[in-house]
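All remarks here apply to the structure that follows.
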Ligand SMILES: *Cc1c(COP(=O)(O)O)cnc(C)c1O
């Protein structure tokens, strides 16, 4: 596959290391928990959760998975242009994108009546499309997440329109669980499953061919083997994170965000550090500069309180995190220029870092900016 231009060599010392062996091991771990016939959709939306769409997809293309899925059509087109030839779903298609969807052989999710009607109208008004229809689609049912998906009361109208048009082939019907990771919400999850089964029965009864179904994300794969149905949609688990401690233990660490100490300065009491003089030195101190800032994905909210892993200890951030540089108080840490500073890694987990900044691993990964060089370890 072709190199994406903005992944071309970067020079600053901060790198986002991605362990491809660990990623494949995690895929194989999830596979080992599934029935052999269960198909796997791997979620590579949002630049493969920040890891790099083209590289991650290239690796997955050799791993016997059934679909890759992205959120937006642009991401799918990018994958096609990079040479990915496998089955490809787009979960959040917009009406303006349907020519691309058809041209690049992408399978859209259809999630409401206006999108369905728009797509059918578009096909009807295009003589070429009339000749090559039907187009493969995936139908999403809203069973309680209340984001995308047909409401159960819309399914009859949707099915009727599709049958009459003869323009679409339903590949799968699916839904999304709102709280599959949370045991206190298992009753709600069960309600979603029942609503899905009911909706699926009703919808599929309009068609005279078999339709596959799926509802499981990573958390549901882990917690509800009975919900694997015909396919599962694997996302965050592949990238090394699970909220279930007993699963987390079995996953390999895939992602590490690292930099190096660029310079060390000795300061005296009364000195201050950084913008606004917010870092105040109260005793003779040793301050380390790291070329990593909020523009790389280190949140500015960590100013004067976050900590980064350095030589077996946690080094406190002193002063405001800058756009490109952060200063650490390393007075009590044995260290020198060039030593590795780890935002998250095997030594300080993505989960712990996410907790420190009050968010979830998904957001941390997708916030690592494109200027940070992705380094792939084989
Ligand atoms: C992102 C996404 C997933 C994957 O979720 P994870 O929690 O990362 O496993 C599954 N299904 C849909 C519809 C999604 O948007």
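The values are calculated or read from the model by the stated rules, or taken from the named source; none is laboratory data. Source: prediction; values computed, not measured. Quick reminder, even Gly has a Cβ in these numbers, built from the backbone with ideal geometry, and neighbours come from all protein chains shown.
Applying the selection to the stretch 80-119, what residues are away from the ligand (no atom under 16 Å from the Cβ), part of a helix (DSSP H, G or I) and either touching a strand residue (DSSP E or B) at 6+ places or on another chain (Cβ under 9 Å) or outside the structural domain of residue 59 (by TED's automatic domain parsing) (or both)?
Scanning the stretch 80-119 gives 80, 97, 98, 101, 102, 113, 116, 119.
Quick check on my filter: what residues within the stretch 35-52 are within 14 Å of the ligand (Cβ to nearest atom) and in a loop (DSSP other than H, G, I, E, B)?
Passing the criteria: 44, 50, 51.
Could you check the stretch 178-214 and list, in sequence order, the residues that are touching a strand residue (DSSP E or B) at 6+ places or on another chain (Cβ under 6 Å) and within 9 Å of the ligand (Cβ to nearest atom)?
214
If I ask for residues that are under 26 Å from residue 26 (Cα atoms) and more than 16 Å from the ligand (Cβ to nearest atom), which ones from the stretch 53-78 would you list?
54, 55, 58, 59, 61, 62, 63, 64, 78
Looking at the stretch 251-273 only, could you name the residues that are assigned to a loop (DSSP other than H, G, I, E, B) and more than 16 Å from the ligand (Cβ to nearest atom)?
252, 253, 268, 269, 270, 271
List every residue pair whose Cβ atoms sit under 6 Å apart, with the two residues 6 or more apart in sequence or on different chains, where the first one lies in the stretch 143-156 and is within 17 Å of residue 170 (Cβ to Cβ) and part of a loop (DSSP other than H, G, I, E, B) and the second, anywhere, is within 14 Å of the ligand (Cβ to nearest atom) and modelled with pLDDT under 95.
Hits for this filter: zero, empty list.
Go through the stretch 10-28 and count every residue that is within 25 Å of residue 226 (Cα to Cα) and either within 14 Å of the ligand (Cβ to nearest atom) or at pLDDT below 95 (or both).
Total meeting the criteria: 3.
Being away from the ligand (no atom under 16 Å from the Cβ) and either at pLDDT 95 or above or crowded, with 22+ Cβ neighbours inside 10 Å (or both) is true for just one of 235, 279. Which residue is that?
279
For the stretch 215-232, which residues satisfy the criterion of being within 18 Å of residue 186 (Cβ to Cβ), away from the ligand (no atom under 12 Å from the Cβ) and part of a loop (DSSP other than H, G, I, E, B)?
224, 228, 229
Can you find a residue in the stretch 120-128 that is buried (at least 16 other Cβ atoms within 10 Å of the Cβ), under 30 Å from the mean Cα position of the chain (by Cα) and either away from the ligand (no atom under 16 Å from the Cβ) or not in a loop (DSSP other than H, G, I, E, B) (or both)?
Checking the stretch 120-128: not a single residue is buried (at least 16 other Cβ atoms within 10 Å of the Cβ), under 30 Å from the mean Cα position of the chain (by Cα) and either away from the ligand (no atom under 16 Å from the Cβ) or not in a loop (DSSP other than H, G, I, E, B) (or both).
Which residues, counting only those in the stretch 282-293, are loosely packed, with under 15 Cβ neighbours inside 10 Å and in contact (Cβ under 8 Å) with a residue 40 or more places away in the chain?
The answer is 283, 284.
Residues being surrounded by fewer than 16 Cβ atoms within 10 Å (Cβ to Cβ) and either over 22 Å from residue 215 (Cα atoms) or away from the ligand (no atom under 16 Å from the Cβ) (or both): count how many of those fall in the stretch 146-160.
Total meeting the criteria: 5.
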